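Colleague: Mind having a look at this structure? Questions to follow.
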Amino acid sequence: MNTTDRLDLVISGGTVVDASWSGVADVWVRQERIVAVVAAGTEPPGGTDRVIDATGKLVMPGGVDAHCHVGYTSGEYTSRDGYRECTIAAVFGGTTTIVDFAIPSPGEVPLEVARRQRALAGDGVCDSALHASVVEWDDTTEEQLRTLVDEGIVTVKMFTTYRDETMASADTILRTMRALRELGGMAVVHCEDNSIIEEDQRRSAARGEIDAAHMGTTRSELAETAAVAEVIALAESIDAPVYFVHQSTPAAVGLSADARRRGVKVYTEAVAHHLTLDAGLYDGDDPERWVCCPPLRPADRVAGLGELLTRGEITTVSSDHCCYDLRQKEAHTHDVREMPNGLPGVETRLPMVFSRFVAEGGLDPRKFVELTATNPAKVNGIHPTKGALMPGSDADIAIWDASTRWTITADTLHMATDYTPYEGIEVSGRPETVIVRGTVVVHDGALVESGARGRHVPAGRLDPDAWLV
Ligand SMILES: [Zn+2]
């Protein structure tokens, strides 16, 4: 990339925060990419069309949200957004790449579902990548996985729960992991032991405690721990890498951390709501607003998870965005087994995590970037195109005003729903200007460029023998 050509954009004088480096610098952008990060005030030899003064602000890579469900259908419920709505909310929240899931309904073919979902990327105002999903191994699965990896979809989600919907057996998980290891992909696993969950729910129902107010006890911590232990053993037995989505307890994260220390390539995702909200919310009004899987955990577990994050035991922080609205959340509050699980969160992930951990908790902003942009890009095979401010990286940039204090309310958010699980919470820090491949899309709380410019970002093969992070 030639630094003597005329630039499209210079972001000047801000504190540039990359995962590995931070300092006052200028960022040079040309033809949708970062050309260079240079000493503040350096004159670009070919001039520039535009300068954004970022003095006093943090200039970070746009967030990468590795766990978003866009327009997800589960049973009778379909979450309310499409790529356009989800990505608009994402960019307002400082996220410039989402990773969605192509989860087959019973009878559907994983490869076909993935291709169908990938075709929607063009509706977005920012880019997206995709996880495929396997429910049951059959004669065609290996060939489908090979094609998926060839087409840039290298991560494959499986669930140990949701019988008759998405639950995969240990056989399926092991075979899929083994195939992905050979192909340069990685299994992404939702871990809750289904037998324990069903027994938890049966006992809760027998006590008359199966409504939303009892969500916390209808899916036990033990169920998560048991499934994590088994899946680690499956991965360890064949030396395959594995990524755990939404680990919600210190016990589950601890199992992963122990496995990592003995050389198993285990990656831990935590999600924003498990790090910032606790099960006490089920005791208050409207407990259905926090019905998600795994459920919110008791306050001491939330504190423990936060400590593990600051100690470096967590790989990524995602949202697990699933945009149901109140009509859907309120339809069957008497029985959590009939409720839609999931919380809207693509827009609030970065502000909540920045506020709690950086502004209030003293976490190094570089670590924030690593957890919310760089590591999610690395484990998904899209780094350094995404999640970095390096020469050649896409110019996906979020300029943060770290000093702004504001209150999260559904009225001021952009997700395709009518509530937020964070209603009324005051936070510090806000993405003020958000840039997607060199174009300013959000500035000062307004969508200044609303055109569909999203692309599917093809993932590169992952090296099963190298640490991704
Ligand atoms: Zn999810």
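Colleague: Hey, how many Å between the Cα centroid of segment 448-466 and the Cα centroid of segment 241-258?
Modeller: Their Cα centres are 25 Å away from one another.
Colleague: Given a 1.4 angstrom probe, I'd like the percentage of the accessible area of segment 168-230 that is carbon and sulfur, rounded to a whole number.
Modeller: Ligands and nucleic acids excluded, carbon and sulfur reach 48 percent.
Colleague: Can you send over the carbon and sulfur percentage of the accessible area for segment 1-57, probe radius 1.4 Å, protein chains only?
Modeller: 45
Colleague: Now for a separate question. Exactly which trypsin sites (Lys or Arg not before Pro) in segment 229-264 are in a DSSP loop and have at most 13 other Cβ atoms within 10 Å?
Modeller: Sites meeting the loop and neighbour criteria: R262.
Colleague: Using alpha carbon centroids, what distance separates segment 117-169 and segment 9-76, in Å?
Modeller: Computed from Cα coordinates, the inter-centre distance equals 30 Å.
Colleague: A446 to V24: FRET efficiency via 1/(1 + (r/R0)^6), r the Cβ-Cβ distance, R0 35 Å, to the nearest 0.05?
Modeller: Values: r = 27 Å, r/R0 = 0.78.
It comes to 0.80.
Colleague: Distance from a point 7 Å along Cα→Cβ of D5 to each backbone N in segment 25-47: keep the residues under 15 Å and list them by number.
Modeller: 28-36, 45-47
Colleague: Oh, and also: Take every DSSP beta bridge whose two residues both sit in the chain, then give the antiparallel share in percent to the nearest 5. Don't skip to the answer; put the middle values down first.
Modeller: Numbers: 34 of 70 bridges.
The antiparallel proportion sits near 50 percent.
Colleague: A follow-up question, please. Per residue, what volume in Å³ does the convex hull of the Cα atoms of segment 226-303 enclose?
Modeller: 82
Colleague: Express in Å², to the nearest 10, the accessible area of C322 obtained by rolling a 1.4 Å probe over the protein heavy atoms while all chains stay in place.
Modeller: We get 0 Å² for C322.
Colleague: Okay, moving on. How far apart, in nanometres, would the label points at R146 and T407 be if each is projected 7 angstrom from Cα along the Cα-to-Cβ direction?
Modeller: 6.0
Colleague: Which distance in Å, rounded to a whole number, links the C-alpha centroids of segment 418-443 and segment 272-303?
Modeller: Between the Cα centres of segment 418-443 and segment 272-303 lies a distance of 23 Å.
Colleague: Okay, moving on. How much length would be gained if the chain were fully extended between L222 and A331, taking 0.36 nm per residue of separation minus their Cα-Cα distance, in nm to one decimal?
Modeller: Here the segment from L222 to A331 would lengthen by 36.4 nm.
Colleague: Multiply the residue separation of D300 and E43 by 0.36 nm, subtract the distance between their alpha-carbon atoms, and state the gained length in nm to one decimal.
Modeller: Contour length minus the Cα-Cα distance gives 87.3 nm.
Colleague: If I model a spin label as a point 7 Å beyond the Cα along the Cα-Cβ vector, how far apart are those points for R163 and A119 in nm?
Modeller: 3.6
Colleague: Same structure, new question: Please give the per residue accessible area of the chain, computed with a probe of 1.4 Å over protein heavy atoms only, in Å².
Modeller: 36
Colleague: In deg cm²/dmol and to the nearest 500, what is the mean residue ellipticity at 222 nm of the chain if only DSSP H runs of at least 4 residues count, each as -39500 (n - 2.57), divided by the residue total?
Modeller: -7500 deg cm²/dmol
Colleague: Using only Cα atoms, find the angle between the long axis of helix 194-206 and the longest principal axis of the chain, and express it within 0 to 90 degrees, rounded to the nearest 10.
Modeller: Once rounded, one gets 70 degrees.
Colleague: Same structure again: Over the alpha carbons of the chain, what is the largest minus smallest coordinate on each principal axis, giving the biggest first in Å?
Modeller: 72, 49, 40
Colleague: Please list 4-12, 155-163 highest first by mean number of surrounding beta-carbon atoms within 10 Å per residue.
Modeller: Order by mean packing, descending: 155-163, 4-12.
Colleague: OK, next. For E423 and W467 in one chain, what is 0.36 nm times their gap in residues minus the Cα-Cα distance, to one decimal in nm?
Modeller: Values: separation 44, 0.36 × 44 = 15.84 nm, distance 3.86 nm.
Stretched out fully, the E423 to W467 stretch lengthens by 12.0 nm.
The values are calculated or read from the model by the stated rules, or taken from the named source; none is laboratory data. Since the structure is predicted, the reported quantities are computational estimates derived from the model, not experimental observations. Neighbour counts run over all protein chains shown; Cβ positions are idealised from the backbone, glycine included. Heavy atoms of the whole protein, side chains included, go into the accessibility calculation; ligands, DNA and RNA do not. Shrake-Rupley method; radii C 1.70, N 1.55, O 1.52, S 1.80 Å.
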